[in-house]
Amino acid sequence: MPRLASVNELEAYRAHLSAIRDAKRPCVTVCAGSGCTAAGAAGVLSALGKGVEKAGLKDAVDVKSTGCHGFCERGPIMIVWPEGTFYNRVAPGDARAIVASLGNGHVPVEKLLYKDPASGRAVVREEEVPFYARQRRVLFGNNGRIDPKNIDDYLTVGGYAALGKVLSSMNWEQVIDQVKRSGLRGRGGAGFPTGAKWDFCRQNPAPRYLICNADEGDPGAFMDRSLLEGNPHSVLEGMIIGAFALGVEEGYVYVRAEYPLAVEHLRMAIEQAEQYGLLGDDILGSGMRFRVQVVKGAGAFVCGEETALMRSIEGKVGEPQPRPPYPVQRGLWNRPTVINNVKTWASVPVIMNRGAEWYASIGTAKSKGTMVFSLVGKINNTGLVEVPMGITLREMIYEIGGGIPGGRKLKAIQIGGPSGGCIPASLIDLTIDYEELTKAGSMMGSGGMVVMDDSTCMVDVARYFMEFLEDESCGQCFPCRKGTQRMREILARICAGHGKEEDLKLLEDLGWVMQQTSLCALGTTAANPVLTTLRYFRDEYLAHIRDQQCPAKVCKQLIYYEIDPTLCDGCGACVKVCAGEAILGEKKMLHTIDMAKCTRCGACMEVCQPKAVLVSTGAVPCPQ
Amino acid sequence: MEEEPVEEIESLLEQFDSRRANLIAILQEIQSKYFYLPHPALERVARKLKVPLTDVYHIATFYRCFSLTPRGRHQIQVCLGTACHVRGAPRVLDRILTILKLAEAGTTADREFTVLTVRCIGCCGLAPVVRVDANTHPHLTQAKVRGLLNKYRKPERAQEETAAETTGEVDATVGVG
Ligand SMILES: Cc1cc2nc3c(=O)[nH]c(=O)nc-3n(C[C@H](O)[C@H](O)[C@H](O)COP(=O)(O)O)c2cc1C
Ligand code: SF4
Ligand code: SF4
Ligand code: FES
Ligand code: FES
């Protein structure tokens, strides 16, 4: 365990690592991210470990667990190095074949390769998989290579080199200047220029603090989680460089309690960095001192808002505070504080290593660098995607995302979480940057991207977000507390078929008031999902109101189920799942649904093999 | 009410110094130990940190991860995040509640299960997902729910339940992650 007392010792240690680590040595990295773990990665890892041992290859092959590789849909995922052979949907039973291939000139195991659905061709290397081919993984590239629990792995891929460079050749003004010139904007939602924020803070007297916001409250987003789980040192390194630039001696990471693995990996990373002399007193012999504490969030969406988050760290109720004063003036313990998102911090070492100009060369005029999205919902290739700013939605959905499953039609893309908005399929050629998204009525937010097809009801989605926000409003101010409640009630009424046309005007008026008068951004942006769906999907609202129909066949009060007599084969599968005992019929005979008893759960449709259960919208037809 | 484990709370409190900033972390420790916040424990916390008991209760009711009532042996977290919502999570939740004979999220009469709704557990790629204790179950459908619950029930109970049901259910095998 070395304690590195200078930048030279850091570089010498790195040289030592590459000397003892054989780059050609076979290494199997298995994704142990949350997605792959849920898909059974632990079993695969242990089968591989045993297989390697049994084959007597223990001294010749490394088996490692890593963080999320992004393509969670296809988990468990693994890569065999140094070739970079990409395997997906691996089962413990495949371990034998994989081990055999290692001892056998690395002929890939055919059945585990990814098959390109377009060409039907098996793809061998990760970068040839269409999901990865269009990406630019500046922050996430190392996730599939390193063991997040081992600091030496991070050092081997160039970790802490940026810190060394900063400490040995830069002063704090130069660091802030680089961040400014890179054009980096905060990845937590609002897109505020990071360099400017740091500059403002530095102008205020010490002691100052810095915070990494890893609350990730947006439902449907998990990139911060994956970065902390998969490469915690990259975030820490960014924070240490930030501490140098800002003259800060104490920093905090505020992580959701729902992310236990992220907390664990982060704590391990902090401990290792302290042992190596990269954190704590006299960092790399430079005299700089910096400590990091982990604070676990306690489950309140509003605590992602920076003033609320700081109160929560102070052990108080997480209620947002009016501003000014801004956190850079008066933040944690009333001291000047910089708060940045996980990805913002992780971008800092990249900028120091490769230079502001390089970073600024990626992206559009005003949105620089790469953006990480979680691509989820009704899309074939769900997972985490890192792309240069300025990519179009079409490239995201069709080239990277592989299109919509089941041959259905794309309807909308919800971007930016509850404060974002729904972009209709007609705007598919929109380029993704902060300004373009705002113009379309949505926003970048933290990068949640939920794809919706024609079986998603936009009124229901609006109601869903409002229910969420009503729940999560801290309740301090009237327009937000009452506005979210009223909006949710109106939307629920429309979903139930009891809406009136005046309701739409009322929703717009309520939205306007909330935007103008709420205290924090939760309240000022709460109406976005409603306003964007009203703007782009008004017809769907009107269908609910005027015709008592839900075109997507989602809203329970407006749909009914029936069984097509020509398709029903009397298997009785539906009877077994029916929650309302609403299905009549003897085995092998035609089955029918008693709509008076049906709870409209839709389970019968889920299980019916011959697809005989049909769902319709409108009034239930009278039985003959 | 169960006997309160006073000693254990004292030793737990000793791990923290008496700064107000530790309040939430202390409550989290108590919650993760007993799955709820027993009143006597809150009184001790208030005394130790020298904060009014009302403040402690304010915190305990503001944050989602705390509960003032005891929770069941198994915690079922049903994700209702956006990705899970559009892929059918509300129906999965309904089915879980129906089978457990609960009108809404909460604890079953036999304290076997507590159903909680959560907003995203960060496995959105596998939506809809349900977490039972520490295991995440991906790609749930209504038909898989009974099989999943039976995995966690005491074996006798599971049998009784299935026998008592006139309408048994297609048993789905669900991987425990
Ligand atoms: C209700 C609400 C929730 C928020 N949640 C988060 C969050 O989970 N993570 C995050 O980084 N920023 C969140 N933000 C934005 C933060 O307040 C803040 O702008 C951000 O952390 C600043 O970092 P950045 O400049 O790197 O983006 C939230 C804002 C609001 C109003
Ligand atoms: S806008 Fe809503 S969340 Fe924000 S302070 Fe007001 S009530 Fe609280
Ligand atoms: S929708 Fe549900 S309640 Fe209605 S018939 Fe089908 S299974 Fe039964
Ligand atoms: S968790 Fe394995 S690829 Fe995302
Ligand atoms: S939305 Fe359910 S896990 Fe993210």
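The values are calculated or read from the model by the stated rules, or taken from the named source; none is laboratory data. The model shown is predicted, which means the values in this text are computed figures rather than measured ones. Cβ sites come from the backbone with ideal geometry, for glycine too, and all protein chains shown count toward neighbours. Areas reflect the complete protein model, heavy atoms only, side chains present, ligands, DNA and RNA absent. Shrake-Rupley method; radii C 1.70, N 1.55, O 1.52, S 1.80 Å.
List of remarks:
- Apportionment of accessible area to carbon and sulfur, segment A:440-543, percent (1.4 Å): 52
- For segment A:165-307, the carbon plus sulfur part of the accessible surface works out to 48%, probe radius 1.4 Å.
- Accessible area buried between chains A and B, both sides summed, probe 1.4 Å, in Å² to nearest 100: 4200
- Backbone amide hydrogens, once placed in the peptide plane, bring A:T337 within less than 5 Å of A:Y209, A:V328, A:Q329, A:R330, A:G331, A:L332, excluding anything fewer than 5 places away on its chain.
- Percentage relative contact order, chain A, counting C-alpha pairs under 8 Å, at least six apart: 11
- On Cα atoms only, tilt of A:478-495 relative to the major axis of chain A in degrees: 40
- Accessible area per residue, Å², the protein assembly as shown with all protein chains present, probe 1.4 Å: 39
- Per-pair calculated FRET efficiency, R0 = 51 Å: A:R289 and A:K366 via Cβ, rounded to 0.05: 0.90
- Helical mean residue ellipticity (222 nm; -39500 (n - 2.57) per DSSP H run of 4+; nearest 500) of the protein assembly as shown: -11500 deg cm²/dmol
- Listing of segment B:67-94 residues, each with accessible area lower by at least 40 Å² in the full protein assembly than in the chain alone (probe 1.4 Å): B:T82, B:H85, B:V86, B:R87, B:R91
- 1.4 Å probe, heavy atoms, protein only - residues of segment B:98-125 losing at least 40 Å² accessible area vs chain alone: B:R119, B:C120, B:G122, B:C124, B:G125
- Cα gyration tensor category, rounded, prolate or oblate, for segment A:468-508 with a/c compared to 1.5: oblate
- Share of carbon and sulfur in the accessible heavy-atom surface of segment B:1-159 [1.4 Å probe, %]: 52
- Helix axis angle, A:7-20 relative to chain A longest principal axis, alpha carbon, degrees: 70
- Between segment B:25-93 and segment A:195-218, the Cα center-to-center distance that results, in Å: 29
- Segment A:334-462: relative contact order as a whole-number percent, Cα under 8 Å and 6+ apart: 24
- Judged by the gyration tensor of its Cα atoms, with axes a ≥ b ≥ c, segment A:432-473 is oblate; a/c meets the 1.5 cut and b/c is at least as large as a/b.
- Taking amide H atoms as placed 1.01 Å from N in the peptide plane, the amide H of A:V253 lies under 5 Å from those of A:C212, A:Q293, A:V294, A:V295, each 5 or more residues away in sequence or on another chain.
- Filtered trypsin sites (Lys or Arg not before Pro), segment A:558-593: DSSP coil and at most 10 other beta carbons within 10 Å: A:K587, A:K588
- Of the residues making up segment A:14-51, those losing 50 Å² or more of accessible area when the isolated chain is joined by the remaining protein chains, with a 1.4 Å probe, are A:A38.
- Binning the C-alpha pair distances of segment A:119-182 at 5 Å intervals from 0 yields a P(r) profile of 4, 13, 15, 15, 15, 16, 9, 6, 4, 2, 1 %, listed from the shortest bin outward.
- A P(r) calculated from all alpha carbon pairs of segment A:1-52, with 5 Å bins opening at zero, reads 4, 16, 15, 12, 11, 14, 15, 10, 3 percent.
- Under Karplus coefficients 6.51, -1.76 and 1.60, residue-wise ³J(HN,Hα) of segment A:277-289 in Hz, glycine/proline x: x, 9, 9, x, 7, 6, 4, 6, x, 8, x, 6, 10
- Note, ³J(HN,Hα) from phi for segment A:159-168, Karplus 6.51, -1.76, 1.60, rounded to Hz, x at Gly and Pro: x, 6, 5, 5, 4, x, 4, 4, 5, 8
- Across segment A:85-91, computed HN-Hα scalar couplings (Karplus, 6.51 cos²θ - 1.76 cosθ + 1.60, θ = phi - 60°) run 5, 9, 10, 10, 6, 7, 10 Hz from first to last residue, x flagging Gly and Pro.
- Global form of chain A, assessed from the alpha-carbon gyration tensor, a/c cut-off 1.5: oblate
- Relative contact order of segment A:146-216, defined on C-alpha pairs under 8 angstrom at six or more residues apart (%): 16
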